[in-house]
Structure formats: C-alpha cells, structure tokens
Amino acid sequence: MNNLDVRDIAVWVLMGLLAGIIADLFVPGSGNLLGYIVAGLIGSVVGGYLARQFNINLRLGSVFLEQMIISVAGAIIVLVVARIIF
C-alpha cells in the first residue's frame, strides 16, 4: 500500500462504526457491529459525494466533527434507502 497504513484503515473503520451507531439511533433497526461499520463507511461515501455535489461546507472549525456529521447524514440516507428496498 502506498501512503496508506493500518492506522488509517483503523481510523476509517472506527469512524464508520461511530457513524453507523449514531445513524441507527435515528433510523432504528436490528443493527450489529458489522452492519454499523458497513452503514457508516458507505454513508461516509454517500454523504461526502452529496456534500460535494451540493457544495455544502459546514465550517465548524473541526474537520473531525464536519466529517462525522456528513458521515452520519450519509449513513442515515443509506439506512432509509435500505429499509425502503429491503
């Protein structure tokens, strides 16, 4: 792996887990650890894409907080769409 190390991947997984857990509070379901991580990671991609497309910049002064809010919002969207489909 080029500039990517195990610590970066661990941070992504932990952020995905946290985003998935928070999103599950808004869209309750029978989530488990793997489900939280998957919802959070996919939600991060969806949220980041939508934020970029709609030129959303939260300007909170904390990159971590901004990324978490966008990730949680994306995870909520992912969970709602998943509930509609399945």
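Some points to look at:
- Per the listing Ala19, Ala10, the residue uniquely among the hydrophobic types (A, V, I, L, M, F, W, C) and in contact with a helix residue (DSSP H, G or I) (Cβ under 6 Å, 6 or more places away or on another chain) is Ala19.
- Members of the range 23-45 found to be aliphatic (A, V, I, L, M), assigned to a helix (DSSP H, G or I) and surrounded by fewer than 20 Cβ atoms within 10 Å (Cβ to Cβ), listed by number: Leu25, Leu33, Leu34, Val38, Val45
- Total residues in the range 57-77, condition surrounded by 14 or more Cβ atoms within 10 Å (Cβ to Cβ) and over 9 Å from the mean Cα position of the chain (by Cα): 2
- Test: Ala19 is hydrophobic (A, V, I, L, M, F, W, C), within 24 Å of Arg83 (Cβ to Cβ) and out of contact with any strand residue (DSSP E or B) (no Cβ under 7 Å at 6 or more places or on another chain): yes
- Count of the range 46-55 residues, restricted to those that are over 17 Å from Val13 (Cα atoms) and either surrounded by 13 or more Cβ atoms within 10 Å (Cβ to Cβ) or in contact (Cβ under 8 Å) with a residue 60 or more places away in the chain (or both), is 2.
Computed from the coordinates by the stated procedures, all read-outs in this text should not be read as laboratory data. Treat the numbers as computed from the prediction; the structure is a model and nothing was measured. So basically every Cβ, Gly included, is an ideal-geometry build from the backbone, and we count neighbours across all protein chains shown.
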